[in-house]
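Engineer: Here you go, one structure.
The values are calculated or read from the model by the stated rules, or taken from the named source; none is laboratory data. These numbers were taken from a predicted model, which means no experiment stands behind them. Ideal geometry is used to build each Cβ from the backbone, glycine not excepted, and the neighbour counts take in all protein chains shown. Heavy atoms of the whole protein, side chains included, go into the accessibility calculation; ligands, DNA and RNA do not. Shrake-Rupley method; radii C 1.70, N 1.55, O 1.52, S 1.80 Å.
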Amino acid sequence: MTFVAGEIASQPDCWDRAIELAGSVEGLPAPGERVAVVGCGTSLFMAQAYAGLRESAGLGETDAFAASEFPRRRGYDRVVTICRSGTTTEVLELLRGVSRPTTALTGDPATPISDVADVVIDLSFADEKSVVQTRFATSALTLLRAHLALSEPSVLPDGLPGQAAEAIAAAPPAGAAGRTQFTFLGTGWSVGIANEAALKVREASGSWTESYPAMEYRHGPISVTDSGSVVWFFGEPPAGLADEVARTGAIVSVSQLDPVADLIRVQRLAVELAEAKGLDPDQPRNLSRSVVLA
């Protein structure tokens, strides 16, 4: 078994731990704070999802940025970073350069991030050996959701780890592994999940993937969709759109699972696609665990 396959399977237990931890951690945003959430790659997409959830719940203005694109002149009450390795160059440079309170979620607190963040949240129980991120990212988002749920319970559905177990047991859509083009669509906070799904399949298997806000997909990108495509919705599709996609000949995936739980099905598909191509999903080409620049 690859490292990533085992890490995918461990997510229900990791989510349980993240939910339990949420009530005791310090440094996460209080209701009403103006917050920037920052990450790179997968961590950026988790930041996007959290920002959408927090703001839609009415808990405060929340923006997500790639670490390299953070607008330093804007006034935020707190900067939250998500960084599995604790060594990513852009994240460390950002934390060294901001004067407002900072909080870092990391899988390895024994790294330079602990020297530059004001508060470090230890998620080492969800750290990974695979280059490809799965359980760390979803556990970080689950912790953040559970913390939001202390103020707005609807942000975290009951039994979310059980949904993760259901996703691990469920097969990807029939025939999906035989398709060559994959489009992932979300609405609201699940746009970040769609972005992560596209990255996961792209980096693990080298497949052609795209992601969009669901209705923006109709404004042009649907033109590439055909009988070689899979179109995967996270959450309820806009009225009529799934039927319109089905008429192109694409496989359409719509699930009743929470979008983050449904992401697990995409993770499993990514591994399946990689192995079918003879690729190692633990070590995608041209990638490393952390981007450390000279």
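Engineer: Tally Lys/Arg at +1 and Asp/Glu at -1 over every other residue whose Cβ is under 12 Å from the Cβ of Arg145; what's the total?
Structural biologist: -1
Engineer: Exactly which trypsin sites (Lys or Arg not before Pro) in the range 113-215 are in a DSSP loop and have at most 15 other Cβ atoms within 10 Å?
Structural biologist: Answer in residue order: Lys129.
Engineer: Right, something else. Where q = 0.12, 0.13 Å⁻¹, what log10 of I(q)/I(0) comes from the Debye formula for the range 8-109, counting one point per Cα?
Structural biologist: -0.39, -0.46
Engineer: Express the accessible area of the chain per residue in Å², computed with a 1.4 Å probe while the remaining protein chains stay in the model.
Structural biologist: Values: 11900 Å² over 294 residues.
Accessible area per residue: 40 Å².
Engineer: Please list Cys14, Cys40 in order of solvent-accessible area, largest first, computed with a 1.4 Å probe with all protein chains present. Mind dumping the intermediate values first?
Structural biologist: On the way: Cys14 10, Cys40 40 Å².
Ranked from most to least accessible, the order is Cys40, Cys14.
Engineer: Spelling out what I want: for every residue of the range 277-284, take phi, set θ = phi - 60°, compute 6.51 cos²θ - 1.76 cosθ + 1.60 (Karplus), and round to whole Hz; glycine and proline get x.
Structural biologist: 8, x, 9, 9, x, 6, 9, x
Engineer: Next question, about the same structure. Simple spin-label model, 7 Å along Cα-to-Cβ: Val224 to Ala170 in nm?
Structural biologist: 2.6
Engineer: Right, another one. With each label point set 7 Å from Cα along the Cα-Cβ vector, what nm distance links Ser56 and Gln283?
Structural biologist: Calculated label separation equals 4.0 nm.
Engineer: Amide H to amide H under 5 Å from Ser253: which residues, 5+ apart in sequence or cross-chain, H placed 1.01 Å off N in plane?
Structural biologist: Residues meeting the amide H criterion: Val231, Trp232, Phe233.
Engineer: In whole percent, and with a 1.4 Å probe on the protein chains, what portion of the accessible area of the range 66-210 is carbon and sulfur? Kindly include the intermediate steps, with their values, before the conclusion.
Structural biologist: Details: 2460 of 5210 Å².
Carbon with sulfur: 47 percent of the solvent-accessible area.
Engineer: Just in the range 1-109: which GluC sites (Glu not before Pro) are loop by DSSP and have at most 13 other Cβ atoms within 10 Å?
Structural biologist: Counting only loop positions with at most 13 other Cβ atoms within 10 Å, the GluC sites (Glu not before Pro) in the range 1-109 are Glu26.
Engineer: For the chain, what does -39500 (n - 2.57) per DSSP helix run (n ≥ 4), summed and divided by total residues, give at 222 nm, in deg cm²/dmol to the nearest 500?
Structural biologist: -11500 deg cm²/dmol
Engineer: So what are the three principal axis dimensions of the range 13-71 from its Cα atoms, in whole Å, longest to shortest?
Structural biologist: Between the extreme Cα coordinates on each principal axis of the range 13-71 lie 33, 27, 20 Å.
Engineer: Taking the Cα atoms of the range 201-272, what is the range of coordinates along each of the three principal axes, in descending order and whole Å?
Structural biologist: The Cα atoms of the range 201-272 stretch 29, 26, 19 Å along the principal axes, largest first.
Engineer: Right, something else. Taking the Cα atoms of the chain, what is the range of coordinates along each of the three principal axes, in descending order and whole Å?
Structural biologist: Principal axes ranked by extent give 52, 39, 36 Å for the Cα atoms.
Engineer: Here is a follow-up. Please name which of Leu44, Ala164, Thr106 has its Cα lying farthest along the dipole of the range 30-180 towards the positive end, using unit charges on Cβ (Lys, Arg +1; Asp, Glu -1) and the Cα centre as origin.
Structural biologist: Positive-end residue among those listed: Leu44.
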